[in-house]
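The values are calculated or read from the model by the stated rules, or taken from the named source; none is laboratory data. Please read all numbers here as calculations on a predicted model, not as lab measurements. With ideal geometry, Cβ positions are generated from the backbone for all residues, glycine too; neighbour counts draw on all protein chains shown. The protein model used for the area step is the full one, side chains on, heavy atoms only, and it has no ligands, DNA or RNA in it. Shrake-Rupley method; radii C 1.70, N 1.55, O 1.52, S 1.80 Å.
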Amino acid sequence: MSEEQKTSPGRKRPTTDEFRAFVASGWAPRGTGVTPRAEVADHAARRREAVSAAFPGERLVIPAGGLKVRSNDTDYVFRPHSAFAHLTGLGSDREPDAVLVLEPNRTPGGQSTHGHEAILYFRPLADRDTEEFFGDSRYGEFWVGARPTLADIESELGVTARHIDEFAGAVAKDAGHVTIRVVRDADAEVAALIDQARAAASETQEAIEAETRVEVQRGADEELAAFLSRLRFVKDEWEVEQMRDAVAGTHKGFDAVIADLPEAVRRGRGERWVEGVFGLHARHHGNGVGYDSICASGDHANTLHWIKNTGEIREGDLLLLDAGVEVDSLFTADITRTLPVSGTFTDVQRTIYDAVYAAQEAGIAACRPGNRFSDVHAAAIRVIAEHLHAWGLLPEGVDVEGTLDAEHGQYHRRWMVHGTSHHLGIDVHDCALATREEYNDAELRPGMILTVEPGLYFKADDELVPAEFRGNGVRIEDDILITEDGHENLSAAMPRSASEVEQWIAGIWAARA
């Protein structure tokens, strides 16, 4: 971080005309090459066509979101809103404050006609004689690097590009004559601007109760956001390849963690070491991690969302590593392996692990077209219930069918509280705005990608389980693509069974010796 950015805003910069002229002069000409069309552009266009067909004649506003302050005058690394990334093809850290508008096509007389024009409003590269170039520490080229030009974006994405300064006027025009919808959670300032345009337009219309009007408008926005979320249920071929890349990068990260397990034990604070090793490979392979990595050793594995990663890793422990690489397009893997830190499972650890593995096998087998999403969980959780019953852990008088009863049972959830699956893609929990019926009760279709991740978690202070079970947590998770005739385990190259995991560890350690 430069001293200029760290110091108070009271520090004075040179402002004379002579200085500005000096800063603006003496630069080599900018390149004039045409930005090639992105591979994703045609796929993104097809996605926009689906949105256009669902909302004919309406102005649809999908913001990327803005920079968020981390502390004082430093920002978090930018990540665009998922709906924006999906409909534009822009990933990584592109483009803060941009807004995609699907503007309904109109006849010369102003009548709505078929389809929409995709217009991307963003902050393009500024000329070198502007204040922004040298003086703007948040956006200026001197500070954060060059941005694309309007022509670059049009060439790369196949959309119309305009300066963000034109957005406010364009989005408010004819607000009383065209329905406007906005993805509200992407950018609060843009949502407020849309609300102002709606309010101004409503003053010239027949009065209806203000509260009712706001409720209707917010409902329209929610419908758009939900549709854009559901649009990602089925992945196209380009998206599937992005997921393959994310899984491949994740595999490399797991290999690196295994290679460094002895070092994690030796150094102390081993969970942090594991987090750092995986993060290094995630950042090198792609955009970074797709979510905060869970690097949970020993009893920490029994805290489902253990992301503090502050603990020791000790010989004899199990390490539950739940991590995924997010590639530059923002598609992310989500994989969990439970690794014996010493290289081999104890008999008790293997007993627990084998039960989870059997449950996962049942869940994966249920991943086929025509089944419901909920069938995957039902298949896996039955195996979990069968093992818990066989071990005598369910309450007296409760059998497998009894605990699986949705209203009067569910005792097994003491040891597996979470669901077995979720959709996966540009978000780690993709399509999250779908209703329960659209999600759990939906028929599995080719192109869907979901996780299968059963687990068993025996907390160290759980007196209802045998003492030797306590402090052991196991989860196994893979990323499954639904195909025309069944499924493909995208992460199948990463060993899963207990014996395979031991061989995996032994092979990496032998190669490093």
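Label separation (ASP347 vs VAL77): 4.7 nm, computed from points 7 Å beyond Cα along the C-beta direction. Axis of helix 498-512 versus longest Cα principal axis of the chain: the two differ by about 70°, to the nearest ten degrees. The chain gives an Rg/Rh value of 1.03, both radii derived from C-alpha positions and Rh following Kirkwood.
Give the angle, between 0 and 90 degrees and rounded to the nearest 10, that separates the Cα long axis of helix 237-259 from the longest principal axis of the Cα atoms of the chain. Between helix and principal axis, roughly 50 degrees. Excluding ligands, DNA and RNA, the accessible surface per residue across the stretch 252-374 is 37 Å² with a 1.4 Å probe. With all pairs of different C-alpha atoms in the average, the Kirkwood value for the hydrodynamic radius of the stretch 257-317 is 11.7 Å. Cα extents for the stretch 366-454 along the principal axes, largest to smallest and rounded to whole angstrom: 43, 23, 21.
Ligands, DNA and RNA left out, the 1.4 Å accessible surface of the chain is 50% carbon and sulfur atoms.
Rg ratio for the stretch 349-408: its Cα radius of gyration over 2.2 N^0.38 Å, N being its residue count, equals 1.20. Over the C-alpha atoms of the stretch 48-191, the Rg to Rh ratio, Rh being the Kirkwood estimate, stands at 0.99. Note on the chain: lysine pairs with Cα distance below 29 Å, sequence gap of 8 or more or different chains, count 8.
What the Cα atoms of the stretch 419-482 give is an Rg and a Dmax of 15.9, 45 Å. Simple spin-label estimate for THR16 and GLU237 gives 6.3 nm between the two label positions (7 Å along the Cα-to-Cβ direction from each Cα). Taking the stretch 241-369, how much of its Cα-Cα pair set, in percent, is spaced more than 19 angstrom apart? Across the stretch 241-369, Cα pairs with separations above 19 Å total 50 percent.
A Förster distance of 51 Å, applied to the separation of the beta-carbon atoms of ARG269 and ALA378, puts the FRET efficiency at 0.80. Go ahead and run the numbers for FRET between ALA200 and GLU500, Cβ-Cβ distance against an R0 of 60 Å, rounding to 0.05. Approximately 0.40, to the nearest 0.05.
Taking the Cα centroid of the stretch 421-458 and of the stretch 43-71, what is the distance between the two, rounded to the nearest whole Å? Centre-to-centre distance over Cα atoms comes out at 23 Å. Normalised size of the stretch 117-271, defined as Cα radius of gyration per 2.2 N^0.38 Å with N residues, equals 1.55. Applying 1/(1 + (r/R0)^6) with r as the Cβ-Cβ distance of THR483 and GLU222 and R0 = 25 angstrom yields a FRET efficiency of 0.15.
Just reorder ASP165, ASP334, ASP328 by solvent-accessible area, largest first, 1.4 Å probe, all chains present.
ASP165, ASP328, ASP334
Taking a Cβ cut-off of under 14 Å around PRO466, the surrounding Lys, Arg, Asp and Glu residues balance to a net charge of -3, with basic ones at +1 and acidic ones at -1.
Got a sec? Which residues in the stretch 472-513 would a label at ALA365 touch, if it sits 7 Å along Cα→Cβ and we count backbone N under 11 Å? Residues passing the 11 Å test: none. When the Cα centres of the stretch 275-290 and the stretch 317-363 are compared, how far apart do they sit, in Å? Here the answer is 18 Å between Cα centres.
Each listed q (0.15, 0.16, 0.17, 0.18 Å⁻¹) maps to a log10 I(q)/I(0) for the stretch 26-99, found by the Debye formula over equal Cα scatterers with no solvent: -0.70, -0.76, -0.81, -0.86.
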